[in-house]
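Structure first, commentary second.
Only the coordinates and a few stated rules stand behind these numbers; no lab work does. This is a predicted model, so every value here is computed, not measured. Cβ placement follows ideal geometry from the backbone for every residue including glycine, while neighbour counts extend to all protein chains displayed.
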Amino acid sequence: MSKIQENLERVRDQIAQAARASGRSATDIELVAVTKTHSAEMVREAIAAGQLVFGESKVQEARAKIPLLPSNLRWHFIGHLQKNKVRHALPLFALIHSVDSHELAQAIDRIAHDDGLHPRVLLEVNVAGEASKFGFPPDKLHQEMESLLALPRLSIEGLMCIPPLGQDAEASRKYFVALRELRNSFENEFELKLPHLSMGMTNDYSVAIEEGATLIRVGTAIFGERAKKQKSKATDEHGFSQSSES
């Protein structure tokens, strides 16, 4: 058994433990294995262990990697999506986690109309108000939610967040609670279902599951550390600089 296969088994066991601890079923949580900077060969090792859902955060990297791999995989986009990359991204990804502005949502809707697509998306919320992170401020998202829901081509299926990197997993809990409560308030106010909460990465996914995550984005715990552009900085699963390892 390869190291990647061993890591996947460990992560799956921890998912099951966290689900049991919160009275949930592990089948309610989907593991998105984040392959940013990792080779197609490493992805194949994960496939051999039964992993079929993968995440990328750069469109250019995904365009090079995805054609090298089996066509039955499901790819999720988890990084910041630039408007000029939308047309390339839409055919590649089953779900876009990171719609972080009304302008981006409009661009996706327009291009999806042109190309005959109906993209599934999540709305990224900047739950901590960090200047270094993308995402809707919660109040602004509330103000714009009705107009976002009116975009005819988008299937809005939930919310996503990237909390600040804390010293331990518990530091993320309040942000996961905030995202869940925001989702619940939208469901009640707008009389809709937002089934997905994309939250939790290598350092805090067990806590995210306890607080209702349906999608967790895990890279380092499966594939190991990425090469760093600068030795003094680490990056999270999405490529944002952090002051410590993710």
Considering residues of the stretch 1-25 that are loosely packed, with under 12 Cβ neighbours inside 10 Å and hydrophobic (A, V, I, L, M, F, W, C) only, the residue farthest from Asn203 (Cα to Cα):
Met1
Would you call Arg120 charged (D, E, K, R) and within 23 Å of Arg217 (Cβ to Cβ)?
yes
Just checking, how many residues over the stretch 143-199 are touching a His at 6+ places or on another chain (Cβ under 7 Å) and either among the β-branched types (Val, Ile, Thr) or closer than 21 Å to Ile29 by Cβ (or both)?
6
Identify the residue in the stretch 48-90 that is hydrophobic (A, V, I, L, M, F, W, C) and surrounded by fewer than 15 Cβ atoms within 10 Å (Cβ to Cβ) and, among all such residues, is farthest from Ile111 (Cα to Cα).
Ala48
Leu148: passes all of (1) touching a residue at least 12 places away in the same chain (Cβ under 8 Å); (2) closer than 17 Å to Leu179 by Cα but (2)
